[in-house]
Every structure is written in C-alpha cells, then in structure tokens.
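To start, the structure under review is shown below, and the notes come after it.
The values are calculated or read from the model by the stated rules, or taken from the named source; none is laboratory data. Note that the structure is a prediction, hence the values are computed from the model and not measured. Every residue, glycine as well, gets a Cβ built from its backbone with ideal geometry; the counts of neighbours run over all protein chains shown.
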There are 2 protein chains.
Amino acid sequence: MPIDMTDPTTITGEMPIGARRVRGEAGCFRALDPATGAMLEPAFGCATEADVARACESAHAAFDAYRRTPPGIRATFLETIAANMLALGDVLIERACAETGLPRARIESERGRTVAQLRLFAARAREGDGIDARIDGALPERKPLPRVDIRMQRIPLGPVAVFGASNFPLAFSVAGGDTASALAAGCPVVVKAHAAHPGISELVGRAVQAAVLANGLPEGVFSLLFDDGFAAGAALVAHPAIKAVGFTGSRRGGVALMKIAAARAEPIPVYAEMSSVNPVFLLPAALAARGKALATGFVESLTLGVGQLCTNPGVVLAVAGVAFEQFKDTAAALLAARHAGVMLTPGIAAAYASGVERLHEHPAVRAAGRGEAEGAAAGSRAQAALYAVDADALLADASLGEEVFGPCSLLVACRDLAQMREVAERLEGQLTATLHFDAADHDAAQTLLPVLERKAGRIVGNGWPTGVEVCDAMVHGGPFPATSDGRSTSVGTAAIERFLRPVCYQNLPQRLLPDALHDANPLGLPRRVDGVPTQAPIK
Amino acid sequence: MPIDMTDPTTITGEMPIGARRVRGEAGCFRALDPATGAMLEPAFGCATEADVARACESAHAAFDAYRRTPPGIRATFLETIAANMLALGDVLIERACAETGLPRARIESERGRTVAQLRLFAARAREGDGIDARIDGALPERKPLPRVDIRMQRIPLGPVAVFGASNFPLAFSVAGGDTASALAAGCPVVVKAHAAHPGISELVGRAVQAAVLANGLPEGVFSLLFDDGFAAGAALVAHPAIKAVGFTGSRRGGVALMKIAAARAEPIPVYAEMSSVNPVFLLPAALAARGKALATGFVESLTLGVGQLCTNPGVVLAVAGVAFEQFKDTAAALLAARHAGVMLTPGIAAAYASGVERLHEHPAVRAAGRGEAEGAAAGSRAQAALYAVDADALLADASLGEEVFGPCSLLVACRDLAQMREVAERLEGQLTATLHFDAADHDAAQTLLPVLERKAGRIVGNGWPTGVEVCDAMVHGGPFPATSDGRSTSVGTAAIERFLRPVCYQNLPQRLLPDALHDANPLGLPRRVDGVPTQAPIK
C-alpha cells in the first residue's frame, strides 16, 4: 500500500475506501455555503457502482477478523478516531461552519460531543458490553434426557451502512453515533456522506481511515462514499454484504431505505431516525404559576439550531384559557425578536417554507407569531413561525400533527385534560414527549404518562426535548414514524445492541469456544452461568 | 361476567376472547385425525373480522394495566397456566394425539417441555429479566452544561399476535414459547390457532383464560381465534392494536406476514421462524473413526417426529471418499427399515411428496436410500428419503439447498475441505449448523466456525440439531430465511427481549417514575447506575 503523503487537513474530493483514496467517476458536485450561497472547492467525485461494491466487499473481507479482535483493541481504535478528529483542529471547525451555516460555538460543542461519544463507546466496548454471555452447563444425570453444555454470546451482524445526517455534520455523521456504535459492536462500516457536507465527511473519513491503519486493523473496517444523488446509497443498502443500516433524516428518505432493505433476497434491519413533532404538555398548575418562564424556554428550544433538530418542540398542548393565551402572547413577542436563521441547505429551507405555508393556509389554523423576516427572502434563511389550533381540529385532521422541519410550532388548545389525553392517544410515535408540571399537576401527569410511554422513546419532565445527552440511560428512538424500529436507540450506549445477534454453541470443547465463553472467563465479562449472574470463572 | 359452568375439558368449538366464549360465524371446520383420515368433533366456528377486532381491542384495553403489574404477579400467572394445562390431564394428551398423529410419549414429553418453559419464563419474569434499568444521575455542576437526571427501562411493545405451529401443538402453540415470552415481557397475546389442531388449542386457550381470571388480570390479556383460512390471521396482523407478531411455520407463510406487517400505517416487528436445512458437517477424522455411529445418529435425527422438526438435518456434507460412501450405505440400510410415519396434515404430506419428487427428478441428484414404502400411499404418511449430490452441483444450483419439510436429506460430497468451506459460505441463514469432529479435525473446525457463526443461530458439536433445550443460553433463530429477524431467538429466556423497547425518563420526580427506576430499587433489580452495574439502592 503506498504511503499517503497528503496532509490530513487537505480536502481532495477523493473517497477513503479501505486503505485507498478513490476519485469517484459517476459525476461530481461541490458543497455550498448556505450563508453566502457560494460554492466551495474542491469538487467531489460521486461513487460508481463499482466503488460501492469495492467498499462493501472490503468490509465483508474485514468482518471476520475485525469482529474477533479483543474488546481492548476496538476500544483503542475508537479512541484513536477521537484523537484524530481533534487533531484536525480548526480546519475541521471552519469547514463545518462553511458547509452548514452553523455558528462556530455550536460546531465546537458538537465536536466535543462526538469525541466524548466515541470515548464512551470505547469504554463500553472495553467492558464487553452487549456480549451477553450465558452458560448452561451439562447435566449428564438429568432424567428423562441428559443435557449437554450450552453457551451463548452476541456477535456483530456484519458490515453496516451508515448515512450521514444533514443537521449534525459530526455527531450523526461519518464518525457519529451510528458509526461509533457499529464499530464498538464489531461491525465494519461503510458511510454514505451527506451531500451537503462532503468536505467535513472527507476530513473525518480520513481520520477514521488513519485510525484503522494505525491500529493494524483490516482496511475494509471503514469506507466512505460520496454521491449527491440517490444511486450510491440505494446500491449500498442493496449490496448483499451489508447486514444493517443506520440513517438519520427525513421520513421519506427513511421509508425509501426500509423498502430497499425489505426487498433484498436477505432482508436486513434498518435503523432510521425520521420524524417527530415532540409534543409538549403544559399542565395547568405549571402553566398558571410560570407561564412566562415556560414561554421563554419554549422559544429558546424552538429556535435552537434554527429549529433543525429532530427533537424540536413542534406541538405544544395545554387546556384552553387565559394562561395559555398569555403563554402564546409571550412566546409570540419573544419570537418576533428572533432573526431569521441560515438553514442547512436550500432544499431544507424550501421544505420549511412550504410546510409553514401548509399550516398558514389551513382553515382551522390561526397565525400566532412570526420571527423577524429580515433576510428570510434569501433562500436559505428561515423565519420562525408559531400557529394555534383547537384540539378538535387536530383530532379531525391528523395531517396537522405532521412535522415541519425547522423553527415552527403549533399551539393546541384542549377543552380539558381528558381531551389532552385523547390527543396524546392519537399521536403517532415520537422521539420525545415533554411534560411541564407542578406538584398540583402530578395526578394529571400520572394519567398522561402511560399513554406517553407507549408513544415516545423519551419522556422529559420540566425541561425541553432539544439537547440529547450521550449516556447509558439515553433513548433516542421511539415507535414509527419517529424511527423505523422502536426497539432500539441511536444515541447512548444501548445503541451497540442494535448491531448484535445471539449465537449458541452447543457441546463445543474449550478450544473451539470463543473467548467470551471459555470457562476461565478471560475477558472478565459479566455472565449468566446456570441461571445466576456472575463474573467468576467456572472451575 | 357470567360464570363459565362448562367443564374445562369439554371441547365446545368456541373461542376464548377476553372473559367470554364466542362462536365464530365466518364458516366452520373440523379437525382431522391424520392417522385414520377421520374427521373429529366438534365443529369450530371461524373468527369474523369483528371477532378479531374485539380480541385486539380487548388486548389494547388490557395493556396498560397488565404491563404495570409487578413481576411477581406475571410470574404467578405463568405458573397458573402451567398448572391449568397439567390439570387437563389425559383429555389434552388424547386430543393432541388424535389431531397430530404424534405418539403419546412425544406429546407427553412436549407437554413437559411446555410446562417447564412457562415456569422458566415465570422465574425470569420474577427477577425482572429484560427490564435493563439504567440510571445516570444529575450532574448540576458539569461544565459547560449541567446534566439532569436520566433513567431508562425497557417496557413491553404492546399486544402480540401469535400463530400456533403445525408441528408442535403445545410447545410452539397457544401457550408455547412465543406466548410465554410475550406474557412474561408484559404483552397481552392474541393467538391464531393452527387449523390442524383447534381442539388442543381450545383446551389450552381456556386454561390460559382461566389463569387470567384467577389472577385478577384484565380479561384482554389473552384471546384465541379460530380460522381454517387466512382471513383472520391477516386481519390480526393488520390490526392497529397489534404491535408485534410471533410465528413458526413455512417460509411462504412467514414472508406473507412480513409483507402485511410492513405495509401497515405503523409497520411492526415480525418474529417468524421459517425455513432451515440445518447443515451437518462430517469432518474427516470423525467420519473415518466412527462413520457407522454417525450414520445411526443421523437416521435417528432425520426421522424424529417424521422429520417434521425445524431443526431436521436436511443437508449432510463431507469430503468425498470411501468413508462417506460407507456412511451413505449404512444410513441407507438403516433407513430402509424405517416405517412410513404419519404426517401432521395431508397438506404437509403432499408438500413433502412433491419436494422429494423435485430432488428425485433433478439430473445431478442420485437416489441413495428410501424408508419402507408400506402405507406411504395412504395420503398422510411419509416415506423417508435420502439423496446424494456433488458439491459442484449444489454450488451451481442453490435450489438444491432448499428445505424439504419431512424425513428427507441430501448428502453432499465435497472435493476437499476448501470446497466444504465454500459451500458453507454460500448457505442461506440457518437455525443450526452441526460439526462432527475428532481432535484431529480441530483445525478444520476452526476454519469453518467463523463462517457458521455468520450463517446460523446455533452451532452443535458432535451431536444432532434436533432437540432444542429450553434454557438461558439457547438460541433458536438465525439469519433470513431461517427467521425473519436474526437478532432474536424464539426459544430460551432471551426470547423475552423480543417484546421490549427502551423508554427514557428525564428529570422526573420519584413519584412519577416507574418502580424499576425508583432510587430505592423496590424491585431489587440489577441496574447500571452512573455507568456501574449494581443492585444497590441509591441513597
């Protein structure tokens, strides 16, 4: 393999595929600075079908060796990726700002989160989290039939296709949560870069590639593909070597991938995080006691990242009355002072404008507030928007509850708490549901909670849904259409489990057993032995 | 609710739906004794769409209350079902023999397994297995941003549709593994009885119904539906209240359910256990040393239950040569003395005959042995069959590797170990893969094992795949088409996890948290607290 003499901070337009850099020849594209409308150099070559196949076959070839690396090696590998990302320094930060229109402080904080995420997955990989080792010893004397020795561990599914998200160019992208959890599980990863930030993707992709090689891992553990259309992504999901898919994006995009995955000769799981309006319930005592503070918090959450967060509070419910009217007026006044923010891409800005228009034209919906219009005409900027509707209308027309991606929210006035519960019961699956309550609201909260548990992956008390902590207890998931698979999370360490499957070893001698299941417990794993959880070796 | 005065051992033809007994009015059917061809009384009424809806709505209505019952209550409920099944005594055994043609000893042993399975799931439910409680405490001083308290548990998915299997009228049926694991997880269950054994299904269904009522659980926790066609099952899977499906049966049936589930407004997971040829690899030293014993074991496994086991050894691979020829001759001689067995249904017998015919007519396949023909003409009986083929032909025509459900197996002669590995690499997903080896074969086994881990849910050493132990470490699953979802198992206690999803609780006061996540740990669960596994309460 020729030594790569290119400065890791130089963006070349080439794709890291295995140990190589490959210029895609299926057309080319450039990134756009959404704040200025300027095209950014260089040009990126789109992956051909052969490039996709090469990445997938390389991942397949790497799989058996990579999945059998000791947990410590995988952990060090993840930590090397984190270090390599940090070593890119300002070059990465500046390119990320240019390709997304997001402010520097946000990008820096997202880099911090991405690095911390890699390190947390490294820590859990080192512990062997998810391996779930179980041993049921032989019972030669059992009647009527003896039992032979039976053991189980979870092994990785195989190469995983990851799609970079538009709205988190680092944390949900090339070395983001899906990649980190798949690599921690022992799966090679092939990333399809988001077309809006190929430069960030190349920089981070080469940081991962360098970490693969520096740790002596098989080159196919990681590859990156460019394409500004759908062909490479579709070919990737359809490739027989790919065994699971991670995606964060639109409902339409996620459903399209689900269809491709289901139509394969061997259908595979898709973890698509798609669409959520993240309902917020303002319970009566809380709303009466601190409506103004709630309105302030709401507008902060609504406009964070120009509303381009999957956990954006798109629906707010309360019992109709003076307190809710005051909340609306306060929120509207705060919103009026908000500048129109730069959206990630012209396409997202156009979809936002049409989503707002749809609400605006709806006969049952009342305009309740707008952000500053200044600059909103300039293609990629979004003027925040607040609308109001009665719960009766929402119950009559479920389309009012569909996501408008961006800083737009719908205030829903309910007749009473019973109607609020009825609306909750009619919600589609959500990433989050938020309750604001005082002590006097506890009974009302108790009534809503069982419904919200069925509808959402995360229930937030007296806070706002935006801001997703990376930790063991986080769930960033939820029933369809919040995700394609509500049995899992894409943030937090439980994400590792998405990429594992159980394998049972019956009556195998020690020499043929995997390390996790040796009597001596050489990996020091927590195991269930003859029904009892223990970390002790078997004597 | 009127008290049910009917003797629980009387078969009425009515469906237990919630607390009621309902006579279906969408046509009717009777069971058949496959050994005699005689129709059995009484007639069973098929479920109307309204019956299906009633069962599903009743399950939905029961869900919130049932899922919040303490683990001990659910455990007692499962134990009551086991006791009620045993209390049916000979009536159940005799009806099961009549409806399946299986011998009494087999049915008694299957009842024992089913009862033990219910009790094992009860034990794990009592421990709170699968709840996976995690707590990340608040970090108010953290910079740059504080962290609020974040907790997680797994909650049940919702009502589960279970389809009874033809080949295990007790263990994979009304109160079988899918039902037991779903109930243990906290999901209400609606069972579609297999049309071949409605009488067994009614008896067991009423045993479950009585256990629901005796334990004071909401009536919708369990319902049973009859239909000898596909309408009720299809309506069941399509019903919005149903949140997951458990199925054991044919590939065609499983794929049809996958399609219905994927086409719903809210797609839901399907756990279908479908199709597997369970390859057996006879490694050279073992084959040379004990070919005769291997042939004996093979014929026993092949003909067990008239070959109607999902783990039936349908393909046997070895390196071509004298030892494999002797194995074939020994197996053929043993097979020639095997009586034609009664198959479960005329439909299964017809499918078996046509599968054998397909092999017989294939130009590359050589007939290698047949069981006794006596009685084989009588519709429901199966004459065992052994065929031989070269690995080259199998590699050229993958259809030779498709399952023939029944006592038929294909001996595959490989050029060498490398070709044996090549065949393994080309296999579809399997429930099991079996290796016979001596110490001198360890290297060959080491070469095959990584491939088999990718292909199968269970790897058996020096044994036979038939016979699936119910324990913590068992995996009865595998990549498609062995199952629709290789991330799970349908036998063993890990089956509980199929029916759970994680929910996160952010910044909720103790009073609003579920018991599993209270500081005091009132359920005594193993939890991960601030990254560290512990059973201790939080002070």
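Scanning segment B:243-252 for residues that are more than 13 Å from every other protein chain (Cβ to nearest Cβ) and in contact (Cβ under 8 Å) with a residue 24 or more places away in the chain, which turns out nearest to A:ASP485 (Cα to Cα)? Step through it out loud before you land on a result.
From segment B:243-252, those more than 13 Å from every other protein chain (Cβ to nearest Cβ) are B:245-250, B:252; that's our starting set.
Remaining after also requiring in contact (Cβ under 8 Å) with a residue 24 or more places away in the chain: B:245-250.
Values: B:VAL245: 14, B:GLY246: 16, B:PHE247: 19, B:THR248: 22, B:GLY249: 24, B:SER250: 25 Å.
My answer is B:VAL245.
Would you call B:GLU402 out of contact with any strand residue (DSSP E or B) (no Cβ under 7 Å at 6 or more places or on another chain), modelled with pLDDT under 95, surrounded by fewer than 20 Cβ atoms within 10 Å (Cβ to Cβ) and not assigned by TED's automatic domain parsing to the domain that holds B:PHE172? Answer is yes for this residue.
Out of everything in segment A:149-161 that is within 27 Å of B:ARG528 (Cα to Cα) and more than 8 Å from chain B (Cβ to nearest Cβ), what residue ends up being surrounded by the fewest Cβ atoms within 10 Å (Cβ to Cβ)? Here the answer is A:ARG154. For segment B:510-530, what are the residues that are more than 7 Å from chain A (Cβ to nearest Cβ) and more than 19 Å from A:ALA494 (Cα to Cα)? Correct list: B:GLN510, B:LEU513, B:PRO514, B:ASP515, B:HIS518, B:ASP519, B:ALA520, B:ASN521, B:PRO522, B:LEU523, B:GLY524.
Residues that are in contact (Cβ under 8 Å) with a residue 60 or more places away in the chain and either within 14 Å of chain A (Cβ to nearest Cβ) or more than 20 Å from B:LEU213 (Cβ to Cβ) (or both) within segment B:8-29 comprise B:GLY13, B:GLY24, B:ALA26, B:GLY27, B:PHE29, listed in sequence order.
Looking at this structure, is A:ARG487 touching a residue at least 40 places away in the same chain (Cβ under 8 Å) and in contact with a strand residue (DSSP E or B) (Cβ under 7 Å, 6 or more places away or on another chain)? Judged against the criteria, A:ARG487 is not a match.
When the residues of segment B:23-52 are filtered to those that are in a helix (DSSP H, G or I) and of a type in the set (A, V, I, L, M, F, W, C), which remaining residue is surrounded by the fewest Cβ atoms within 10 Å (Cβ to Cβ)? In this case the residue turns out to be B:ALA50. Within segment B:425-440, if we keep just the residues that are over 15 Å from B:ASN278 (Cα atoms) and facing chain A (nearest Cβ under 10 Å), the residue that is surrounded by the fewest Cβ atoms within 10 Å (Cβ to Cβ) turns out to be B:ALA439.
Of all residues in segment A:368-382, how many are charged (D, E, K, R) and modelled with pLDDT of 90 or more?
As a first pass, look at segment A:368-382 and keep what is charged (D, E, K, R): A:370, A:372, A:374, A:381.
Now narrow it down to the ones that are modelled with pLDDT of 90 or more: A:370, A:372.
Result for segment A:368-382: 2.
Kindly establish whether B:ARG147 is under 24 Å from B:ILE538 (Cα atoms) and in contact with a Phe, Trp or Tyr (Cβ under 6 Å, 6 or more places away or on another chain). No; evaluated as a whole, the condition is false for this residue. Would you mind stating whether B:ASP485 is touching a helix residue (DSSP H, G or I) at 6+ places or on another chain (Cβ under 7 Å), within 11 Å of chain A (Cβ to nearest Cβ) and farther than 30 Å from B:PRO140 by Cα? Judged against the criteria, B:ASP485 is not a match. Looking across segment A:51-70, just one residue is more than 12 Å from every other protein chain (Cβ to nearest Cβ) and among the basic types (Lys, Arg), and that is A:ARG54. Quick one: would you say B:PRO146 is surrounded by fewer than 24 Cβ atoms within 10 Å (Cβ to Cβ) and of a type outside the set (Gly, Ala, Ser)? Taking the combined requirement at face value, the residue satisfies it.
Per this entry, B:PRO533 is not counted among residues that are farther than 26 Å from B:ARG454 by Cβ, crowded, with 24+ Cβ neighbours inside 10 Å and not charged (D, E, K, R).
What residue, of B:ALA293, B:ALA318, B:ALA285, B:ALA323, is outside the structural domain of B:GLY177 (by TED's automatic domain parsing), at pLDDT 95 or above and touching a Phe, Trp or Tyr at 6+ places or on another chain (Cβ under 6 Å)? Even if it seems obvious, please write down each step before you answer.
Details: B:ALA293 fails: touching a Phe, Trp or Tyr at 6+ places or on another chain (Cβ under 6 Å); B:ALA285 fails: touching a Phe, Trp or Tyr at 6+ places or on another chain (Cβ under 6 Å); B:ALA323 fails: touching a Phe, Trp or Tyr at 6+ places or on another chain (Cβ under 6 Å).
Going through B:ALA293, B:ALA318, B:ALA285, B:ALA323 in turn, the sole match is B:ALA318.
Of the residues A:PRO313, A:PRO346, A:PRO363, which is crowded, with 23+ Cβ neighbours inside 10 Å and not small (Gly, Ala, Ser)?
Working: A:PRO346 fails: crowded, with 23+ Cβ neighbours inside 10 Å; A:PRO363 fails: crowded, with 23+ Cβ neighbours inside 10 Å.
Result of the check over A:PRO313, A:PRO346, A:PRO363: A:PRO313.
Looking at A:ARG95, is it at pLDDT 95 or above and surrounded by fewer than 20 Cβ atoms within 10 Å (Cβ to Cβ)? So A:ARG95 fails the test. Apart from one condition, B:ALA55 fits all of (1) crowded, with 22+ Cβ neighbours inside 10 Å; (2) modelled with pLDDT under 95; the exception is (2). Of the residues making up segment A:139-175, those that are free of Cβ contacts under 8 Å to residues at least 40 places away in the same chain and farther than 29 Å from A:ALA261 by Cβ are A:LEU139, A:PRO140, A:GLU141, A:ARG142, A:LYS143, A:PRO144, A:LEU145, A:PRO146, A:ARG147. Do we find that A:GLY461 is surrounded by fewer than 20 Cβ atoms within 10 Å (Cβ to Cβ) and either modelled with pLDDT under 95 or in contact with a helix residue (DSSP H, G or I) (Cβ under 9 Å, 6 or more places away or on another chain) (or both) in this structure? In short, yes. For beta carbons closer than 6 Å, sequence separation of 6+ or different chains, a first residue in segment A:451-463 that is more than 7 Å from chain B (Cβ to nearest Cβ) and a second that is β-branched (Val, Ile, Thr) and surrounded by 24 or more Cβ atoms within 10 Å (Cβ to Cβ), the qualifying pairs are A:LEU452/A:ILE459; A:ALA456/A:THR432. Within segment A:392-419, residues that are among the polar types (S, T, N, Q) sit with their Cβ atoms under 9 Å from residues that are part of a helix (DSSP H, G or I), at 6+ positions apart or across chains, in these pairs: A:SER399/A:ARG358; A:SER409/A:PHE298; A:SER409/A:LEU302; A:SER409/A:GLY307; A:SER409/A:ALA331; A:GLN419/A:ALA391; A:GLN419/A:ASP392; A:GLN419/A:LEU395. Of the residues B:ALA133, B:ALA138, B:ALA123, which is within 14 Å of chain A (Cβ to nearest Cβ), in contact with a strand residue (DSSP E or B) (Cβ under 8 Å, 6 or more places away or on another chain) and surrounded by fewer than 21 Cβ atoms within 10 Å (Cβ to Cβ)? Step by step, each of B:ALA133, B:ALA138, B:ALA123 is checked, and only B:ALA138 is within 14 Å of chain A (Cβ to nearest Cβ), in contact with a strand residue (DSSP E or B) (Cβ under 8 Å, 6 or more places away or on another chain) and surrounded by fewer than 21 Cβ atoms within 10 Å (Cβ to Cβ).
Here's a check for you: in segment A:391-411, which residue that is in contact with a helix residue (DSSP H, G or I) (Cβ under 9 Å, 6 or more places away or on another chain) and part of a loop (DSSP other than H, G, I, E, B) is farthest from the other protein chains (Cβ to nearest Cβ)? Among them, the one singled out is A:GLY406. Among the numbered conditions (1) surrounded by fewer than 24 Cβ atoms within 10 Å (Cβ to Cβ); (2) facing another protein chain (nearest Cβ under 9 Å); (3) more than 21 Å from the chain's Cα centre (by Cα), the only one that A:GLU422 does not meet is (2).
Of the residues A:GLY478, A:GLY467, which is within 18 Å of B:PHE63 (Cβ to Cβ), more than 7 Å from every other protein chain (Cβ to nearest Cβ), touching a residue at least 40 places away in the same chain (Cβ under 8 Å) and touching a Leu at 6+ places or on another chain (Cβ under 9 Å)? Steps first, answer last, please.
On the way: A:GLY467 fails: within 18 Å of B:PHE63 (Cβ to Cβ).
None of the other options fit; the residue is A:GLY478.
Would you mind stating whether B:LEU334 is in a helix (DSSP H, G or I) and touching a Ser or Thr at 6+ places or on another chain (Cβ under 8 Å)? Criteria met by B:LEU334.
Of the residues that sit in segment B:497-506 and are more than 7 Å from chain A (Cβ to nearest Cβ) and surrounded by 24 or more Cβ atoms within 10 Å (Cβ to Cβ), which one is nearest to B:SER250 (Cα to Cα)? Checking each candidate, the answer is B:ARG498.
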